[in-house]
Every structure is written in C-alpha cells, then in structure tokens.
1. Less than 10 Å Cβ to Cβ from THR10, Lys/Arg counted +1 and Asp/Glu -1: what total charge do the surrounding residues give?
2. Within the chain, what whole-number % of the accessible surface is contributed by carbon and sulfur, with the 1.4 Å probe and all protein chains included in the calculation?
3. Report, in degrees rounded to the nearest 10, the 0 to 90 angle that the Cα long axis of helix 12-24 makes with the longest principal axis of the chain.
4. Using the Cα centre of the chain as the reference point, and only Cβ charges (+1 on K/R, -1 on D/E), how large is the resulting charge dipole? Debye, rounded to the nearest 20.
5. Report, to the nearest 10°, how far helix 86-98 tilts away from the longest principal axis of the Cα atoms in the chain, using its own Cα long axis and a range of 0 to 90°.
6. Match the structure shown to one of the listed values (1) 23, 17, 15; (2) 41, 19, 11; (3) 25, 17, 13 of semi-axes √(5λ) of the Cα gyration tensor in Å, computed from it, and give that label.
Amino acid sequence: MTDHVSIPVTDLKKSCEFYDKSLACLGYSRVADVETDDVFASGYMRKDKPAVEFWLFKSKTPSDKSIPQQSASVQGLHIGFGSSNKEGVHEWHKTCVECGGTDNGGPGLRYPGHYSAYIIDPDGWHMEACCHTD
C-alpha cells in the first residue's frame, strides 16, 4: 500500500536519537542520512523490507509553519508501526516514554485482533505500535 512516510521535525538530531531507540524495539534501524539542497533527512527500514519506509527531515529554510502543532486531543497525522508481537509493543511504548515521548494510550487490546500502544513524539506527531493477534 504505502511505500514510505516522511515527516518534518524541528531538531533532526534529537528526533534521530528518539527514533533510533524506539524503532529498534520493532526491528527498524537508521540506514540513511542524506543532505539535499533543501533538507537534511534520515531514513529507517526493517531488515525484512527492501527499502526505507520512514523518513525524518529538517528543512534548511526554517519556517514556523513547517511543523503542525498537535496535542493528544487534536486529530492529525497518525503513523502505525508494525510489531511481530505484544512484547515489542510494550518495549516500544516504554522506550518512547523514556526517550521523551508522551503516553497517549498504553499497550492493550483495542479491538479483537489488534493489540497496540500510542505515544506522541517530541514534535507532536501521533505514533502507534501494533501487532495483530488471534
């Protein structure tokens, strides 16, 4: 369905530190750090995938409007990362909170077959880790 997702961040180094640790729980690692005329970017992928699936980018021309302001009560971009099991969901959630993310719904069964946890990252993006269970 989706080839990749890219999100803007206010501090690429801080965001990379957050996602290096939190996505490692789900089998992702940072495999690309690139610079173009317009942006600095870092990309993440899982070993079992053929290409980068998740990009962070920081514009070289700062703008107050580059990051939409979000809060736990506001609808906005939501990205769900897959986990192979419930333990990965728990580890991801715990690591995100330890790395500066905000709890937005601890690990649990949301509806039959969908086990997940939610956080808000340091830039206000809504993230989820989930696995599909019996």
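The values are calculated or read from the model by the stated rules, or taken from the named source; none is laboratory data. No experiment lies behind these values; they were computed from the predicted model shown. Ideal geometry is used to build each Cβ from the backbone, glycine not excepted, and the neighbour counts take in all protein chains shown. For accessibility, only protein heavy atoms count, side chains too; no ligands or nucleic acids. Shrake-Rupley method; radii C 1.70, N 1.55, O 1.52, S 1.80 Å.
1. So the surrounding residues net to 0.
2. 51
3. That helix lies at roughly 20 degrees to the long axis.
4. Here the chain has a charge dipole of around 120 debye.
5. 40
6. (3)
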